[in-house]
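Engineer: Shown below is the structure under consideration.
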Amino acid sequence: MPVVGLVGARASSVSGPIATLAAVQKVPQISMASTSPSLSNKEVYPFFLRTVPPDSLQALALWQWILQFDVPLATCLYSSESYGQGLFNEILDLAREERQPDRLQGRAIRFMVQEFSNEEARESLMAVRQIGSKFLILAMQSRMIVEIGPLLQQEGMLSPAWQIICSDTCTSSSVMTMLPPGAMTFATAGRGSNFEHFRTLWSRLTPDDIVGDAAREKFGLDAMREPLEDAAVADMLAAGASSATIYAPLAFDAFYAFAVAINRLLVSGLSAADIWGDVLLAELRQTSFTGASGEVSFNENGDRLAAYELLNLQSWEASVRSVAVAVFSASSGNFSFKEPLLWMDGSVGMVTPEHLRSCDRGFFKGESRRCVRCPIGHRCEGGPSASFVACDKGTFANESAMSSCHLCPEGHFASEVGSVACSPCVPGMVAPEKGMESCKRCEPGSYRSSPRGTYCEPCGNNQITSESGATSQSECICASGTFMCASRGCLPCPVGLFCPTGLGPPLQKAGFWTDPGSSELCHFEVFRCRNTQECPANAALGACAMGREGQACNNCQARHFPRQDAEQFGRCDPCGEIDVLPGIVFLGIATCFLLLLSIFKVEPSQLSFNLLTAAAVASQLVIAIQTLGSMRQLSINWQEPVKQLLEFTKLLTLDLDFIRISCIYGTDSPVLEFISQLLACPIGCTTFLILWLLTRCGIGRPKPFDSILNLCGLVFFAFFLSITLATLTPFQCVPNPNGTASMATEPGIICWYSEEHTALVLLALAGILSQPGAFLVWTTYTTIMYPSRVASGRGLRLVNRHRFLFHRFKAENYYYGLVVLYRSCFVAILPIAASDWPEVQVPILGTVLIASMALQARTYPWRTEQANHVDLVFTGFLLLILLGAAPLLQLDLSQSTSVLGWMLCVPVCGLIVVGAVILARSLLRHYQQRYLFGIFLCHHKGGAGSLCRLMKLMIARYSPTRVFLDCDQLENLDLLFDIVRSSTQSVVVVLTRDLLKRVWCAGEITTAWKNKVTTVPLVCDGFQPLPEEVRKLIVTWWTPQQQQILANYGVEIDDVHAAYTWLQHELNPLPMPRFGPAQPSAKVRDIPIAIVRRPT
């Protein structure tokens, strides 16, 4: 019997191949459970129909659920087979049609029937988590759901934080018991209005009706590949229709559809043989009836437009049951809700819980309100209003969905916000810590040759690099101020040497010299040069200026002479034929000068004041120039052009280099030059002696020997400072950087340790004893003996022999020549004695000049006024030069500041001490009332001058009382009034006719009255007291200038009126006759006694 129709199969994967074969055989097929949308394709499956709605309708229900609850994003986990893949594609197509494809994301999982892989499934779940949605749609076979359920539980996806929506495959009891309360699933509406009839029919069935012998034979059950189990059939019938799956009524309706169609065809008159193929298919498509599962009809695709129920798992007493809370109508495309929904977090309502819309860490809310994976380079902390934040500098996020940014590893950096990767540090730069915004350049003294550095390699050996960020060890060099010693690394640069940056040897600083042979063991013998020109700056070790040689470039080469001009100063040039001329010319001029000086004879009585002034000024000028020469040797860094001007002082300070003495000797020998300096003045005196001897032999006019002594003394006096300075030069030693000391004028000669210096010291001692020492002793003895010689009458020859010492000064200032010599001696000694303390040189020399200037201004010792003025001007200029040069002192600040700090305490304390002493002395003398004079004689010189002079003599004869005559100090009224006020015990007013009309007498009387000084009026004959009317005319007696003078001293006209009244009416006068017999002795002798006894 041919098959005219098929019912089944259940699985779409089984129904597909059967439908293909049925189409070939033209056998209509009605499935009660195959929902794959592909089966709706009538070109492939023209004879396929189904009583279960297709997945396209379930997809519509799922999509409408997303829209109904405004889910921003749902994730669909589907199996990669026809059911799961087809359902997801249908939902996605609907989303695309609505232009909202971003509201659905899918993740496929392999359809694992034979062997389920937990690792593969877990990987898919992790991918689902990365999508960012907490709404999870499960679209897979129930067997897959059962397998994946435990993993869902482990990953927390069945927790209240998630919401599960399942397809109709979750309606099986094995799946339902696995899902938590609040989970939701869609199921086909399988119970229509006739379901009760179906239940009744079900209850009438017995196992024999299905698996009995008659049924087996009738339905050919034994021919089935997998026969029905009798026990299973019995259990299913015993459970009743209510416990059966929703596919039971659907299967009944599929069978019933064939029955209705065939019956209708039979009724229409067709024979049973004609009811098959296209005829039967056409009738089936038109069939419509109310079945067990509801209204049954088929559209043009053979699909049934059935309704879907939304089942919600809810707790019921101690168990969980599924409750149909809503029905989705395929025709209207809407939900009809019966009850509020229970969500997996336990909340009840028609609105999705807020936390389901909250984004997990690693996600942020996009414009569509869905949670989007955090973009790379950003971090997302999640939350209801989650946003993304760019990674800070020093961090990065190289993956999406990052909740935090990673710190850049060591050796890497991220300089921009929102970095997706960290950049490696280039050579020369390192990142020693994690999370660096930028790489650090290697500090000077270190380097990094490879990228991704975490530390810099130190150069070692105290080396540095020229700049930070060195990339190679070859960049390691010695810093400025250090030099490379092969065995010890970079060492500090010795004093006096310049060590540039690099690995080269040190160079000489300006003004220093080093023996090149001393550098083998990195030890340098550094000497100080005479100046910076002889030892130029940045020269190689041992190098000197052109033409110079020897230690510290001290000497000129043989047959060379030192240049004195500013452009070539410091170098030595070869001696030419004419270079001996300066020395010859100088010797000729000096000889002529000495000859003229010995011939020229002027007696003191023949000298005018003009010639005397010229001689004095000439000697002052010579001494001032020599003082400048001494100042030139101070530790002062003289600058051009004054430096060049000071070079001309060398001629008067016996510096023979000025006349190119080395060209005369043929060699630059310090010993020969020093001997020449010592012999300069003795040669001059010897010349005078030879000339004197010639006069004794009849050549020329004879001269006394005293003239020779006077000429020699004149030369020694004029050049005493230079002679002293020259003889002391071997003792002027300055320290060298190597610890030794050299002569300041000959730096190549080591003090106290060299044979040359020993010779120079012996010559200097001989020179000191024979020249400045002997001359100073001679002049000191002569000056000391001068007063006694003059008093004894033997001073004429002394003065004549020593005119060079006394003749230019006033007789009362005979000693000033010795003062000038001692000042010159001190000025010469200062550069030598204070060579180690340059900070005290200027203050001490300034003090000497100021003291001599003060003494000269106080005494005015020179015989002519112009000479005194010029001496003050010269000393002032020297002080001005010294003051201007003070900032140019070459000082060691660390030492000088301390020394100057203590030195300045002397004048500061001096201000306070002197002021306090004078103030105390003045106050003490004021309150002690020590009277210098017993009697002050106030008189009119024209009326009683002779009388008062006689009174002073007589009182001095008969009394120890000191008497002061006011006429002796009339030019100084301030002193006159002060003597009356504070230094006189009694004032004696000698009243003569015009005394009261004299302005100074009025001031004396008024001062005595105001200060209550004892006053005794002596009335002489001819005196007439002034009546009141006359006293009122006092203001007419004196000029306004005279009245102003009195007012300046505190004497007003009203005070004068009061004092005159006091004098004439309140005091008892003593008579003093001026004429008569010359017997005033007794009366005069009684005046002091009368004054003492008179009440004050």
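Engineer: Could you tell me which residue out of Ala215, Leu281, Met184 lies farthest along the dipole of the chain toward its positive end? Charges go on the beta carbon: Lys and Arg +1, Asp and Glu -1, centred on the Cα centre.
Structural biologist: Met184
Engineer: Here is a further query. How big is the charge dipole of the range 363-413 about its Cα centre, in debye rounded to the nearest 20, if each Lys and Arg gets +1 on its Cβ and each Asp and Glu gets -1 on its Cβ?
Structural biologist: I would put it at about 260 debye.
Engineer: Using only Cα atoms, figure out Rg for the range 690-732 and give it as a multiple of 2.2 N^0.38 Å.
Structural biologist: Compared with the compact-globule rule of thumb, the range 690-732 sits at 1.66.
Engineer: What's the angle, to the nearest 10 degrees (0 to 90), between helix 142-154's Cα axis and the longest principal axis of the chain?
Structural biologist: Roughly 30 degrees between the two axes.
Engineer: No other cysteine beta carbon under 4.7 Å away is the test; run it over the chain and list who passes.
Structural biologist: Result for the chain is Cys76, Cys592, Cys681, Cys697, Cys825, Cys905, Cys909, Cys938, Cys948, Cys967, Cys1001, Cys1020, no neighbouring Cys Cβ within the cutoff.
Engineer: Separate question: Quantify how much of the Cα-Cα distance distribution of the chain extends past 53 Å, in percent.
Structural biologist: Summing the P(r) tail past 53 Å for the chain gives 63 percent.
Engineer: Placing unit charges on C-beta atoms (Lys and Arg positive, Asp and Glu negative, everything else neutral), compute the dipole magnitude of the range 308-382 about its Cα centre in debye, rounded to 20.
Structural biologist: 360
Engineer: Have a look at Leu991, Pro907, Leu882 and report the one farthest towards the positive end of the charge dipole of the chain, computed about the Cα centre with Cβ charges (Lys/Arg +1, Asp/Glu -1).
Structural biologist: Result: Leu991, furthest along the dipole toward the positive end.
Engineer: In terms of modelled amide H atoms, which long-range or inter-chain residues lie less than 5 Å from the amide H of Val1016?
Structural biologist: Val987, Val988, Val989
Engineer: 222 nm [θ] for the chain, helices only, -39500 (n - 2.57) per DSSP H run of 4+, per residue, to 500?
Structural biologist: Counting only the DSSP helices, I get -13500 deg cm²/dmol.
Engineer: Which one of Ala558, Ala431, Met402 is farthest out on the positive end of the charge dipole of the chain, using unit charges on Cβ (Lys, Arg +1; Asp, Glu -1) and the Cα centre as origin?
Structural biologist: Going by the charge dipole, the pick is Ala558.
Engineer: Ordered by residue, what ³J(HN,Hα) values in Hz, to whole numbers, does the range 777-789 give under the Karplus form 6.51 cos²θ - 1.76 cosθ + 1.60, where θ = phi - 60° and Gly and Pro are x?
Structural biologist: Calculated HN-Hα couplings, in order: 5, 4, 5, 5, 4, 4, 5, 5, 7, 4, x, 5, 5 Hz.
Engineer: If you take every DSSP beta bridge fully contained in the chain, what fraction is antiparallel? Give it as a percent rounded to 5.
Structural biologist: Rounded to the nearest five, the antiparallel share is 60 percent.
Engineer: Any of Lys440/Lys509; Lys810/Lys941; Lys952/Lys1010; Lys952/Lys1012 with alpha carbons more than 30 Å apart? Name them for me.
Structural biologist: Lys440/Lys509; Lys810/Lys941
Engineer: Looking at the chain, which longest stretch skips every one of the chymotrypsin sites (Phe, Trp or Tyr not before Pro) that is in a DSSP loop with at most 11 other Cβ atoms within 10 Å, leaving the sites themselves out?
Structural biologist: Result for the longest clean stretch: 1-599.
Engineer: Among the trypsin sites (Lys or Arg not before Pro) within the range 270-367, which fall in a DSSP loop and have no more than 13 other Cβ atoms within 10 Å of their own Cβ?
Structural biologist: Here the trypsin sites (Lys or Arg not before Pro) that fit, given the DSSP loop and packing criteria, are Lys338.
Engineer: Oh, and also: Helix 277-286 against the longest principal axis of the chain: what's the angle in degrees, Cα atoms only, rounded to the nearest 10?
Structural biologist: 70
Engineer: Let me ask something additional. Taking the Cα centre as origin and putting +1 on Lys and Arg beta-carbons and -1 on Asp and Glu beta-carbons, what dipole magnitude results for the range 703-829, to the nearest 20 debye?
Structural biologist: 900
Engineer: Could you tell me how many degrees, from 0 to 90 and to the nearest 10, lie between the Cα long axis of helix 230-239 and the main elongation axis, the longest principal axis, of the Cα atoms of the chain?
Structural biologist: So the inclination is approximately 80 degrees.
Engineer: List, in order, the whole-Hz ³J(HN,Hα) value for each residue of the range 54-68 obtained from phi through the Karplus relation with A = 6.51, B = -1.76, C = 1.60 and θ = phi - 60°; use x for Gly and Pro.
Structural biologist: Result, ordered by residue: x, 5, 4, 6, 5, 4, 5, 5, 5, 5, 5, 5, 4, 6, 4 Hz.
Values in this text are rule-based calculations from the coordinates and carry no lab data. Please read these numbers as outputs of a predicted model, since none were measured by experiment. When we count neighbours, we look across all protein chains shown, and the Cβ atoms used for this are built from the backbone with ideal geometry, even at glycine.
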